[in-house]
Amino acid sequence: MKRFKFTQTKLVSLPANPADSKATEQEYSDAVVIGLKVLVGKSGNKKFLYRYSYKGKKRSIGIGAFGAFTVEKARAVANQHKATVANGEDPKQVRNDKLSELTFAEFEQSLYLPHAKINKRSENSDESKLRLYLIPAFGERTLSSITPQAIQQY
């Protein structure tokens, strides 16, 4: 069944995409929030995705990894994206614009460290290096203003 009501237990029990499959990921759709998908890779990794149409073109935006996001949280984010499309804006462009205006310190706190806690064993080392070296140098700068030249100068 490719379309069903997402629950934590059903998503945990989804099998990995077969290794001999042509597709790298298997896609399943939520029956509650239209456009919310979960992609299951060949290694068994699962991630949420929201598919939508904007100005006649099919688009998609990643929500996050299953585990980092619960089903309820993924539905809430998908509904926010749905509202953004209803307001005549592209959620992917809105996200990219917001990311370009984040400061390095905001990026580290809101995006990088939560990712590192889930996916990296060196999370404590990363946090320490960021706090001691990079945040003092780049913390107040926007991400778009940190150029390769600025990094080389540092």
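The values are calculated or read from the model by the stated rules, or taken from the named source; none is laboratory data. These figures come from a predicted structure and were not determined experimentally. Here the Cβ positions follow ideal geometry from the backbone for every residue, glycine too, while neighbour counts run over all protein chains shown.
Against the criterion of being modelled with pLDDT under 95, surrounded by fewer than 16 Cβ atoms within 10 Å (Cβ to Cβ) and in a helix (DSSP H, G or I), residue 93 qualifies.
Residues of region 103-154 that are of a type in the set (Asp, Glu) and surrounded by 14 or more Cβ atoms within 10 Å (Cβ to Cβ): 106, 108, 123, 126, 127. Going residue by residue through region 14-21, is there one that turns out to be buried (at least 16 other Cβ atoms within 10 Å of the Cβ) and assigned to a strand (DSSP E or B)? No, that holds for no residue. Restricting attention to region 101-122 and to residues that are charged (D, E, K, R) and farther than 12 Å from residue 146 by Cα, the residue that is farthest from the chain's Cα centre (by Cα) turns out to be 121.
If you go through region 39-83 and pick out every residue that is free of Cβ contacts under 8 Å to residues at least 40 places away in the same chain and either touching a Ser or Thr at 6+ places or on another chain (Cβ under 8 Å) or outside the structural domain of residue 16 (by TED's automatic domain parsing) (or both), you end up with 6. Is it the case that region 91-100 has a residue that's out of contact with any helix residue (DSSP H, G or I) (no Cβ under 9 Å at 6 or more places or on another chain), among the aliphatic types (A, V, I, L, M) and within 30 Å of residue 46 (Cβ to Cβ)? Scanning region 91-100 turns up no residue that is out of contact with any helix residue (DSSP H, G or I) (no Cβ under 9 Å at 6 or more places or on another chain), among the aliphatic types (A, V, I, L, M) and within 30 Å of residue 46 (Cβ to Cβ). Tell me whether region 71-84 contains one or more residues that are outside any helix (DSSP H, G or I) and of a type outside the set (Phe, Trp, Tyr). Checked region 71-84: no residue is outside any helix (DSSP H, G or I) and of a type outside the set (Phe, Trp, Tyr).
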